[in-house]
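Novice: Shown below is the structure under consideration.
The values are calculated or read from the model by the stated rules, or taken from the named source; none is laboratory data. The shown structure was predicted, so the numbers you read here are calculated from the model rather than taken from an experiment. Cβ atoms come from the backbone with ideal geometry, glycine included; neighbour counts cover every protein chain shown. Remember, those area values only see protein heavy atoms, side chains included, never the ligands or the DNA or RNA. Shrake-Rupley method; radii C 1.70, N 1.55, O 1.52, S 1.80 Å.
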Amino acid sequence: QLQSKILILTICAAGIGGTFQYGYNISIINAPTSYIQTFMNETWLERTGVPLESNVILLLWSFTVSAYPLGGLTGAVVAGPMAIMLGRKMSLLLNNVFVIIAAVLSGFSRMAKSFEMIMLSRFFTGMNAGVSMNIQPMYLAESAPKKLRGAVALTSASFTALGLVLGQVVGLRELLGGEESWPFLLASNVVPALIQLTALPWFPESPRYLLIDRGDKESCISALQKLRGNSDLSAELEEMLAEQAAVKGQRAKNPWELFQNPALRWQLMSIVVLSSAMQLCGNDSMYFYAAYVFQEAGIPQDKIPYVVIGTGSCELITSVTCNMIIDYAGRRPLLLGGYIFMAGWAIVFMVALSQQTQISWMPYLSMACIFAYILSFGIGPAGVTGVLPTEVFDQMSRPAAYMICGSLLWFNLFLVGTAFPFIVKSLAHFCYVPFLVVCVCTALYVGFFLPETKGKSFLEISEEFKKRNFKAHTHAVFYKGPDEIKSTIL
């Protein structure tokens, strides 16, 4: 039982300073919104003697909020080279430097009377999240045994949800969400970073990275022994050696090389569709709506933060459930089910919003929709999307694939965050139409084009995609002959 303990502890050590931070930092910024805006106004007044206009405050605030996804985008881009040069584990450890810088900046921002420090700190926090969102699922999926790979890589989503909930709890007025304590709230993200810095060094590096990227067979075997204990390693080692032989003589690829390679066409299309859909499906916008809908349902203003914690807990419960069933149910059914249900709830939600004032029980239906939407998102899309790049790409393409995935994720987060208020303004009750379209299209794509990856080795998965990528060619007119055939030889 010791080795499964080591795997579990590795997951926790990677998660607490990894995707946990992403969820935590998204939710702690919500509580002190009004205090930080007041602080901006007072600081400006002290500097210039003129108070800021309300729309300027709003603009400064949206800069502060969007610094986070911009940092995330930067982090996603540097994550690939970091994972290749430093290794998965070392990258996660070094990544904590960004959070420590951010915590110092935001913690001292009030003493220094500078709201620019808050903006800068949000950028660094974003960088940390961008790196960990890419490297943590990669590190964990490469360290996990084949039959548990889905569940282990999925813990990234559970840690994100856990971060969301804890951020909402710590942000309550009774804890750190008060007017006096907001700098401490923003700097509290240094705690998980310190936990990771003390815990993670004790655990092994990804065995696949050691063998395939570094060519270091002895370290790979000792890492495997730590993770698997005394169980027979020969089959797993053989599979890794086969993968090593398959990518022999190649170097780690750059993102643009993935776009040029016809052998990766479907894999690339799948992760582009799914990682865009993950942000464009409107799940994060549900949180935006939550407070308004709960208010309409007659929940007193001061009790709303507690109900919002309920929505976060929803995502946590489903991602943990998804963890337990992914290696039984498979990836496709969870994705397909998730997006179909979300499409259904989006329709109900729009109907409920439009009838909000006419029918007395409608606000409760909208409330139910918010919970149902978040549950449907948590059960499939939230977790499975992060696991797929690890499974459908080989060792040499994987970091580049995560760079593409991560960049799309953050760019779309920025896009939805910026555009959503305008969508609400122009479409009013029907603001979920764009999200509905995304959910339906994604469900169709998964249904028709995505193969199942459950329980298969990385080589088997790439074989299956190879059939798809070159099936199109044999029927096409522009078949290139020997050239094409050369590139398919393993």
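Novice: On the given criteria, is ALA235 within 19 Å of LYS146 (Cα to Cα) and open to solvent by 40 Å² or more (accessible area, probe 1.4 Å)?
Specialist: yes
Novice: Another question, then. Only one of ILE404, ILE485 is at pLDDT 80 or above and either of a type in the set (A, V, I, L, M) or in contact with a strand residue (DSSP E or B) (Cβ under 7 Å, 6 or more places away or on another chain) (or both); which?
Specialist: Exactly one of ILE404, ILE485 is at pLDDT 80 or above and either of a type in the set (A, V, I, L, M) or in contact with a strand residue (DSSP E or B) (Cβ under 7 Å, 6 or more places away or on another chain) (or both), namely ILE404.
Novice: Can you say whether TYR373 is part of a helix (DSSP H, G or I), in the same structural domain as ILE325 (by the TED database) and over 30 Å from ASN323 (Cβ atoms), as far as the supplied structure shows?
Specialist: Against the criterion (part of a helix (DSSP H, G or I), in the same structural domain as ILE325 (by the TED database) and over 30 Å from ASN323 (Cβ atoms)), TYR373 does not qualify.
Novice: Restricting to the range 426-444, and then to whatever is open to solvent by 20 Å² or more (accessible area, probe 1.4 Å) and at pLDDT 90 or above, can you tell me which residue is nearest to the chain's Cα centre (by Cα)?
Specialist: VAL438
Novice: Can you tell which of SER219, SER313 is hydroxyl-bearing (Ser, Thr, Tyr), touching a Leu at 6+ places or on another chain (Cβ under 6 Å) and modelled with pLDDT of 90 or more?
Specialist: Checking each option against the conditions leaves just SER219.
Novice: Out of ALA368, ALA329, ALA382, which single residue is within 25 Å of SER276 (Cα to Cα) and open to solvent by 30 Å² or more (accessible area, probe 1.4 Å)?
Specialist: Sole residue among the options that is within 25 Å of SER276 (Cα to Cα) and open to solvent by 30 Å² or more (accessible area, probe 1.4 Å): ALA329.
Novice: Does any residue in the range 179-201 that is more than 30 Å from LEU140 (Cβ to Cβ) and assigned by the TED database to the domain that holds ILE8 come within less than 8 Å, Cβ to Cβ, of a residue that is of a type in the set (Phe, Trp, Tyr) and part of a loop (DSSP other than H, G, I, E, B) six or more places away or on a different chain, and which pairs are these?
Specialist: Hits for this filter: PRO183/PHE108.
Novice: In the list SER285, SER276, which residue meets the criterion of being surrounded by 18 or more Cβ atoms within 10 Å (Cβ to Cβ), part of a helix (DSSP H, G or I) and at pLDDT below 90?
Specialist: Matching residue, one of SER285, SER276: SER285.
Novice: Still on this model: How many of the residues making up the range 398-425 are within 19 Å of the chain's Cα centre (by Cα), surrounded by fewer than 18 Cβ atoms within 10 Å (Cβ to Cβ) and of a type in the set (Lys, Arg)?
Specialist: 0
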